[in-house]
Amino acid sequence: MNTLNDAVIVTGSASQLLAIRLARLLGVEVVPVSFKLFPDGELYIRFLSSLKERRVIIVQSTPPPQNSNLIELFFLINSALEQGAKEIIAVVPYLAYARQDKAFLPGEAVSGRYVCRMLKDCGADMVITVNVHNKRVFENVDIAFIDLNAMPLIADYFKKLPLKNPLVLAPDKGAVEEGTLVANLLNCPFAFLEKERNKYTGEIVTKEKDLDIEGRDIVVIDDIISTGGTMVNAVFMAVKQGARDVYVACVHPILVGDARLKILNAGAKDLIGTDSVPSDVSIISLAPLIASVLRS
Ligand code: R5P
């Protein structure tokens with residue numbers, strides 16, 4: 001039996017393109033929704049067709065402006081519940097606040113966990129994320145979740161490029177698992193850097209390391225690029241040590257301000273990401289990956 005027979009897709013405003021791609025792959029209808037802002041800035045949402053007894057797949061990533069994208073997601077989930085949806089699956093490729101998965105300093109709000117609790121409390125039966133920064137945010141939250149890995153899609157992209165003696169580089173220890181996977185898929189060596197972020201100022205320092213990469217093409221992989229500071233340091237070190245071409249790839253290209261320019265200025269040849277966050281570098285679509293898990 002096709003489990004998607006009674007499914008519909010609802011798209012939040014942050015993920016329209018991804019939602020349409022997903023709907024086309026799955027052959028599932030996209031429910032029209034009216035979104036408006038009241039004069040004082042409050043959000044109005046109205047579903048324009050019935051969700052009764054439907055399996056509702058809500059697609060809404062939560063990049064900046066993350067607070068309004070999250071509120072939209074919570075309203076969509078809770079409204080779908082109140083309108084009689086029989087199951088609600090929240091597809092949230094980029095889960096905002098997942099980097100605040102614990103209190104790094106005494107007294108800090110563990111906001112990543114609160115977001116997951118709110119998804120549950122609003123009525124989501126399942127959450128699907130992609131390379132969530134830390135799965136720990138779901139700990140002690142009684143909700144089913146699947147975290148998909150987009151690294152094979154990123155590896156497929158680089159397999160098509162004529163890379164010379166490639167090496168995959170993780171710009172910090174947090175990206176070791178992802179970088180190792182891409183290196184294995186590209187059948188090439190892997191190295192990682194060590195980075196420290198000042199917990200008060202946010203300043204990033206990457207330790208000098210001899211990478212032995214003269215003449216090689218380098219692929220620097222991370223889950224998120226936000227300000228670009230982490231990537232700039234890695235690209236700069238690779239270029240300084242004689243790399244041939246340096247490519248930068250991530251799943252979630254948040255790219256705050258001039259992050260893209262800074263990375264390219266540091267010497268990167270290209271920068272690519274996925275449609276988890278829509279942008280002009282989002283050239284890899286997550287739709288086939290998400291579709292395959294929804295089909296199963
Ligand atoms: C954190 O460790 C993440 O994996 C990224 O490395 C980080 O969020 C990137 O942030 P930024 O671009 O601001 O350096």
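What do you reckon, is V8 free of Cβ contacts under 8 Å to residues at least 40 places away in the same chain, aliphatic (A, V, I, L, M) and crowded, with 21+ Cβ neighbours inside 10 Å? Judged against the criteria, V8 is not a match. Taken over segment 244-254, residues that are more than 13 Å from N265 (Cα to Cα), buried (at least 24 other Cβ atoms within 10 Å of the Cβ) and more than 12 Å from the ligand (Cβ to nearest atom) amount to 1. Candidates L70, L76: the one that is part of a helix (DSSP H, G or I) and either under 18 Å from P278 (Cα atoms) or under 15 Å from the mean Cα position of the chain (by Cα) (or both) is L70. Residues that are closer than 15 Å to F145 by Cα and among the β-branched types (V, I, T) within segment 101-128 comprise V115, V127, I128, listed in sequence order. Looking at segment 184-220, which of its residues are closer than 22 Å to D270 by Cα, exposed (fewer than 14 other Cβ atoms within 10 Å of the Cβ) and either of a type in the set (D, E) or modelled with pLDDT under 95 (or both)? The answer is D212, E214. Checked against (1) near the ligand (Cβ under 10 Å from one of its atoms); (2) crowded, with 21+ Cβ neighbours inside 10 Å, K262 passes all but condition (2). Inspect all residues belonging to segment 54-72 and state whether any of them is closer than 20 Å to P253 by Cα, free of Cβ contacts under 8 Å to residues at least 40 places away in the same chain and β-branched (V, I, T). So far as segment 54-72 goes, no, none of its residues is closer than 20 Å to P253 by Cα, free of Cβ contacts under 8 Å to residues at least 40 places away in the same chain and β-branched (V, I, T). Kindly indicate whether V130 is touching a Leu at 6+ places or on another chain (Cβ under 6 Å), in contact (Cβ under 8 Å) with a residue 24 or more places away in the chain and buried (at least 16 other Cβ atoms within 10 Å of the Cβ). Against the criterion (touching a Leu at 6+ places or on another chain (Cβ under 6 Å), in contact (Cβ under 8 Å) with a residue 24 or more places away in the chain and buried (at least 16 other Cβ atoms within 10 Å of the Cβ)), V130 qualifies. Selection over segment 73-105 of residues that are touching a residue at least 60 places away in the same chain (Cβ under 8 Å) and either among the polar types (S, T, N, Q) or more than 10 Å from A14 (Cα to Cα) (or both) gives a count of 10. The condition of being among the acidic types (D, E) and closer than 21 Å to A85 by Cα holds for only one of E29, E42, that being E29.
Just one residue in the set K120, K164 is in a loop (DSSP other than H, G, I, E, B), more than 16 Å from the ligand (Cβ to nearest atom) and either among the charged types (D, E, K, R) or touching a strand residue (DSSP E or B) at 6+ places or on another chain (Cβ under 8 Å) (or both); that residue is K164.
Conditions (1) of a type in the set (V, I, T); (2) in contact with a Gly (Cβ under 8 Å, 6 or more places away or on another chain); (3) modelled with pLDDT of 95 or more, marked per residue:
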site: D223; (1), (2), (3): no, yes, yes
site: N233; (1), (2), (3): no, no, yes
site: L261; (1), (2), (3): no, no, yes
site: D280; (1), (2), (3): no, no, no
site: I284; (1), (2), (3): yes, yes, yes
site: L289; (1), (2), (3): no, no, yes
site: V293; (1), (2), (3): yes, no, yes
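The residue that is farthest from the ligand (Cβ to nearest atom), among those in segment 215-226 that are within 25 Å of N187 (Cα to Cα) and outside any strand (DSSP E or B), is G215. L211 - would you say it is closer than 17 Å to C250 by Cβ and more than 16 Å from the ligand (Cβ to nearest atom)? Criteria not met by L211.
The values are calculated or read from the model by the stated rules, or taken from the named source; none is laboratory data. On a predicted model such as this, the values are computed, not experimentally measured, just so you know. Quick reminder, even Gly has a Cβ in these numbers, built from the backbone with ideal geometry, and neighbours come from all protein chains shown.
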